[in-house]
Amino acid sequence: MAIIDLVRWVPDGGEPIYAWRFPQTNLSTYTQLIVQESQEAVLFSKGQIMGKFGPGKHTLDTENLPILRHLFGIPFGGRNPFTAEVWFVNKLQPYNIGWNIDRINIHDVDYNTQLPLVASGQYGLRIIDSEQFLVKIVGSKSEFTASDLTSQFAGEFSTKTKSTIVQYMLKHRVGFKQISAYLDTISDYLRNVMNPFWNELGLELTKFYVNTIEIDDSTEDGRRIKDAISRQSSMSITGHTWQQEQMFETANNMLGGLGGNSGNGGLLGGLLAINMMGSMSGMGGVGNSMMQPQYNQPAMDGSRQVGNMQQGGTFGQAAGAQSVKMVYCSNCAQKYPSTMKFCPHCGDPYNPCPNCGTDNDMNARRCVSCGTYLQTDTALCPNCHNPVAHGSLFCGSCGHQLVASNVCTRCGCTLPDSVKFCPNCGNRR
């Protein structure tokens with residue numbers, strides 16, 4: 001077997017390599033070792049480390065390797081062969097390694113429910129102790145790449161990362177709504193936790209980034225949760241409630257019967273849908289009564305409020321006779337007594353319906369339970385409580401006369417029977 005005169009490593013520029021072993025082991029005291037910048041060479045023989053060399057050109061003689069005399073009995077001078085493994089280690093280049101972890105189950109403080117999360121990011125590693133790295137990690141391989149590193153420690157890395165993210169979110173009460181604002185802080189927190197683990201292997205964690213923490217939509221329950229969050233955001237923007245959205249969907253399904261069915265069922269469904277939609281926009285009739293059973297409120301004695309009457313307890317007892325009852329929060333759907341001004345669970349203000357006491361969203365125009373108008377910027381008929389245009393003489397829903405015939409509809413001035421125009425403002429009678 002020929003003696004190797006020159007030992008060197010020139011990376012080919014492919015996948016990042018942390019350590020590479022020279023393929024031949026038959027060396028001599030005249031063998032030249034060339035170590036490039038950012039590299040370090042480590043020699044092993046008979047299970048022992050013979051020495052390590054930094055950047056430059058070195059001769060593997062007994063002057064540089066005094067242990068040769070102990071291992072092989074090689075005297076000074078002469079061309080003396082010996083066997084040794086030469087490992088080249090890339091020390092200075094920190095490699096960027098992408099990481100991601102699968103499902104993390106955490107009880108979220110924003111939504112007060114269990115959320116499945118996934119996270120991803122990048123981290124950088126560089127070798128700080130070549131001997132420790134080669135002894136503890138490399139083993140019998142001929143080279144050690146970044147993919148070898150990630151696959152070898154994937155399980156332990158995933159467990160530590162998951163545990164640390166959950167601990168941080170629970171300890172600091174960080175919910176999913178605010179998680180994007182804490183990515184830098186979580187990244188630094190994870191880096192401090194993970195760095196001792198890599199230091200034991202001769203590596204330094206130069207950087208650690210958490211790029212995303214999102215809902216895991218790879219499963220059916222995760223997709224449902226993601227869709228529910230999206231719907232909640234949509235309702236918060238538009239100002240409508242879940243009950244109103246269900247009524248809109250029901251009305252749309254009924255209207256579909258007009259084009260899809262040719263029988264009486266389709267026409268009846270369309271008329272019913274029109275009445276329902278009319279109740280949402282101020283019309284009376286069938287739609288007004290259909291809104292009432294959508295959001296029944298329990299009373300303090302365990303009875304149930306439906307519309308303007310309270311069921312349970314004393315039969316036929318009016319709702320107004322019960323001064324304190326339990327209501328559902330329009331924001332988080334948790335129950336609390338009607339004597340409270342704010343929900344004790346989420347802090348949302350109590351916006352009671354003047355008719356039935358149901359809690360409504362602050363932007364809601366009508367009560368989700370009984371349909372009573374909550375906004376006071378619209379004139380209401382004193383007879384049927386439906387909205388009427390300002391200045392109207394009669395209610396468009398029930399025909400009730402709104403003002404006396406001898407009163408000006410513009411300025412309220414009393415008009416003599418003989419005039420056709422108001423002498424005060426000129427408005428036509």
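Quick notes
- The set of residues in the range 158-201 that are aromatic (Phe, Trp, Tyr) and over 20 Å from ILE97 (Cβ atoms) comprises TYR168, PHE176, TYR182.
- Filtered by the rule that a residue be of a type outside the set (A, V, I, L, M) and under 18 Å from LYS162 (Cα atoms), the range 208-229 gives PHE208, TYR209, ASN211, THR212, GLU214, ASP216, ASP217, SER218, GLY222.
- Screening the range 104-140 for residues that are assigned to a loop (DSSP other than H, G, I, E, B) and of a type in the set (A, V, I, L, M, F, W, C) and picking the one that is farthest from the chain's Cα centre (by Cα) gives ILE128.
- Residue under evaluation TRP99, criteria (1) crowded, with 18+ Cβ neighbours inside 10 Å; (2) assigned to a helix (DSSP H, G or I), criterion not met: (2)
- GLU63 fulfils the conditions (1) at pLDDT below 90; (2) not in a loop (DSSP other than H, G, I, E, B) except for a single criterion, (2).
- Flag if THR145 is modelled with pLDDT under 80 and surrounded by 14 or more Cβ atoms within 10 Å (Cβ to Cβ): no
- Residue list for the range 128-161, filter: more than 14 Å from PHE88 (Cα to Cα), in contact with a helix residue (DSSP H, G or I) (Cβ under 8 Å, 6 or more places away or on another chain) and of a type outside the set (Val, Ile, Thr): LEU149, GLN152, GLU156, PHE157, LYS160
- For the range 343-374, the tally of residues that are farther than 23 Å from ILE229 by Cα and either among the β-branched types (Val, Ile, Thr) or exposed (fewer than 14 other Cβ atoms within 10 Å of the Cβ) (or both) stands at 3.
- Close pairs (9 angstrom Cβ cut-off, 6 or more residues apart or separate chains): touching a residue at least 24 places away in the same chain (Cβ under 8 Å) in the range 33-48, of a type in the set (Val, Ile, Thr) and loosely packed, with under 15 Cβ neighbours inside 10 Å anywhere: LEU33/THR59; GLN36/VAL10; SER45/THR83; LYS46/THR83
- Yes/no for LEU71 being modelled with pLDDT under 85, assigned to a helix (DSSP H, G or I), on the phi < 0 side of the Ramachandran plot and aliphatic (A, V, I, L, M): yes
- Scanning the range 123-142 for residues that are surrounded by 15 or more Cβ atoms within 10 Å (Cβ to Cβ) and not aliphatic (A, V, I, L, M), we see that the one that is nearest to TYR168 (Cα to Cα) is TYR123.
- Restricting the range 1-27 to residues that are surrounded by fewer than 18 Cβ atoms within 10 Å (Cβ to Cβ) and in a strand (DSSP E or B), the residue that is farthest from the chain's Cα centre (by Cα): ASN26
- Residue, surrounded by the most Cβ atoms within 10 Å (Cβ to Cβ), within the range 30-58, restricted to residues that are modelled with pLDDT of 85 or more and in a loop (DSSP other than H, G, I, E, B): THR31
- Residues of the range 200-218 satisfying the condition of being in contact with a strand residue (DSSP E or B) (Cβ under 8 Å, 6 or more places away or on another chain) and closer than 26 Å to ILE128 by Cβ: GLY202, LEU203, GLU204, LEU205, THR206, LYS207, PHE208, TYR209, VAL210, ASN211
- Across the range 395-429, the number of residues qualifying as at pLDDT below 75, in a strand (DSSP E or B) and either surrounded by 12 or more Cβ atoms within 10 Å (Cβ to Cβ) or small (Gly, Ala, Ser) (or both) comes to 1.
The values are calculated or read from the model by the stated rules, or taken from the named source; none is laboratory data. Model, not experiment: these values are computed from the prediction. When we count neighbours, we look across all protein chains shown, and the Cβ atoms used for this are built from the backbone with ideal geometry, even at glycine.
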